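The values are calculated or read from the model by the stated rules, or taken from the named source; none is laboratory data. Being a predicted model, the structure only gives us computed values, none of them experimental. Neighbour counts are summed over all protein chains in view; Cβ atoms, including those assigned to glycine, are modelled from backbone coordinates with ideal geometry. Note: areas computed on protein heavy atoms with side chains; ligands, DNA, RNA excluded. Shrake-Rupley method; radii C 1.70, N 1.55, O 1.52, S 1.80 Å.
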Amino acid sequence: MAGLEELTHLLVRLMAHDCHGASEDEVWDSVLGRGLQAQTSSEMRQSLEEVKLCLLAVKVVQDRLGRRLRFLRKACMHSIMESGLRKLPDDILSHIFEAGHMMSKGWSFARSVSQVSARFRQISFRTPLLWTRIFATYPPDQIREFIHRSGQMDLEVFPDARDWNNFDSWRTVGNPVEDMKVTKQEELFYEISRECTHRWAHLQLDLAGPRILEVPMMEECGLTDFPRLRSLAPHDWNSFAHWRLPSLSHVGGRQTRFDPNFPFLGQVTSLTLCPDFDDINDIYALTETLYSLKNLQHFSLTLRSGIGDAAYDSEDSEPEPEPNAEVERLILDVHSVHIGSLEIYVQAPTPRKVVSLAFDALSFLAPSTSTIFLEISGKIRPEAFLYASTGKFFPYGSTISLRIVDTDVKNTLPPKGFRLLTRLVRGSQIARSIDIEAPTLGLIRENDLTGNWKDFAILRRLSFKHCHQLREQDVKFLVERLIINTDPDMGLKLLELISCRQLSKEFLLALGDEFGSKVKWQLWLSDSITVIMRHREGLLLTELQWV
């Protein structure tokens with residue numbers, strides 16, 4: 001193996017000097033007792049070749065040890081897992097089960113863990129949270145058992161027992177929605193759950209189809225008093241206006257308009273909307289709706305207009321929402337109303353015009369945290385989806401997370417002069433933390449960091465993921481202005497460079513050597529994030545698994 005002899009000599013020197021009691025030259029070079037400055041040019045070239053041979057041997061050994069490690073991990077995994085699980089106390093396992101439940105839907109997780117072993121089954125039965133989701137589609141005995149196992153915990157309730165896969169066929173044969181009858185299963189569900197309505201905390205009425213039956217059926221059963229209900233997703237917000245809901249704080253649904261007399265306007269702090277195509281046509285009503293929610297802190301909007309409908313796949317056939325005269329009179333200054341967080345998810349192929357009009361309706365909000373996910377397709381450049389119809393750049397906040405995904409793999413539009421990071425910084429002006437995932441967009445150029453480069457001085461954290469237009473010289477400009485030439489208490493505290501195609505391993509290693517824990521990086525097509533931290537005693541290299 002090339003370099004093995006040199007590597008062996010190096011290890012012997014390390015053992016002899018213990019690394020801490022000798023200068024770097026004495027340990028790492030075979031020419032002992034002479035500092036680097038005292039070496040001749042020939043000796044320095046000899047040291048260089050020796051380092052290269054040592055690194056070559058280290059790489060071969062590392063590769064072989066890595067293969068051996070993976071083999072041993074695979075061979076030992078079953079026994080390690082079994083041994084670890086045996087040692088875990090029951091209460092820790094219960095917490096793990098709860099975490100798994102929160103990351104899943106329905107009761108699939110609870111069913112899985114309760115079937116692993118007798119011990120898992122007993123622990124799962126003693127973990128009430130696993131049994132707090134009640135669907136009307138469950139058999140009656142299962143509903144009763146879940147209510148019993150859940151103890152006195154809050155319940156998530158889904159009273160729709162209809163197969164909405166058949167809804168389209170029902171509608172196409174001419175049957176009006178009003179003729180849909182309450183199923184026997186739903187009647188039985190309300191009868192069984194009547195005694196535990198005081199524990200309902202989440203009620204989902206607006207599922208896959210447009211239901212108009214649940215509310216009348218619930219009222220017929222006398223189910224209008226829900227003291228612990230915090231979250232409600234109805235088909236029609238006004239349908240439950242006379243219910244008693246003292247704890248209501250979150251409302252979800254599809255409508256973009258609240259009735260001004262809606263009795264819970266002062267209670268709602270969180271709103272989640274996923275408008276249908278018909279509701280998109282009333283997108284202007286969002287301004288009035290949000291402004292009426294005086295205590296709103298969190299708003300999430302999902303736009304999915306035109307999905308599955310070829311009529312709206314192109315810009316030429318975009319729908320034209322009609323402005324509402326009353327809403328147009330509600331003129332609010334840009335970024336004049338503060339909220340905690342704003343989340344916007346745009347699913348392809350939502351027309352660009354719909355997105356821009358939605359941004360018009362939301363431009364008066366001043367969120368602390370903005371999360372924007374754009375799924376685009378077609379021949380329109382991604383940056384076109386970031387503007388309101390007035391031409392105002394939309395993303396705003398002290399913390400901004402922007403992810404842009406192009407679902408059209410054939411879309412090879414060349415990058416133009418638009419620079420996303422520059423536009424985010426100068427458009428928001430208050431951004432301190434920015435996360436960007438935008439494979440096809442340019443981000444910054446050298447002239448952006450000259451002249452008015454102090455616009456960037458407020459930044460404390462930058463994260464680039466899958467930003468394939470980010471170049472090494474762009475990163476150098478950022479580092480020079482925002483890390484090197486700043487006061488210790490100013491500038492970037494963390495720069496993340498995750499899987500950016502144009503950044504080489506040598507460049508990233510050099511950044512880590514110079515800036516230590518301020519730089520976190522993952523090489524393109526790599527499985528781990530490497531964090532390099534320099535300490536007084538030496539260089540500590542740790543690898544963290546990227547999840």
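Brief remarks on what is shown
- For the set 493, 59, solvent exposure ranked by accessible area (probe 1.4 Å, protein chains only) runs largest to smallest as 59, 493.
- Heavy atoms of residue 401: accessible area, 1.4 Å probe, square angstrom to 10: 40 Å²
- Eligible lysines near residue 184 by straight Cα distance, threshold 27 Å, same-chain separation 8 or greater: 105
- Using a probe radius of 1.4 angstrom, the carbon and sulfur fraction of the accessible surface of the stretch 38-122 is 63%.
- The solvent-accessible area of residue 58, taken with every protein chain present and a 1.4 Å probe, is close to 60 Å².
- Estimated FRET transfer efficiency when R0 is 51 angstrom, pair residue 267-residue 489 (beta carbons, to 0.05): 0.75
- When 73, 199, 86, 461 are compared by accessible surface with a 1.4 Å probe, the order from highest to lowest is 86, 73, 461, 199.
- Residue 77 contributes about 90 Å² of solvent-accessible surface, heavy atoms of the protein only, 1.4 Å probe.
- Taking only the C-alpha atoms of the stretch 31-134, Rg followed by Dmax gives 27.1, 80 Å.
- Accessible area ranking (1.4 Å probe, heavy atoms, ligands and nucleic acids excluded), largest first, for 257, 403: 403, 257.
- Peptides 78-84, 124-130, 337-343, ordered by how many other C-beta atoms sit within 10 Å of their residues on average, highest first, read 124-130, 337-343, 78-84.
- Entries in 454/476; 392/493; 294/454 that, when Cα-Cα distance is taken, lie over 25 Å: 392/493; 294/454
- Using the Cβ of residue 188 as centre and a radius below 13 Å, the other residues enclosed give a net charge of -1, where K and R count +1 and D and E count -1.
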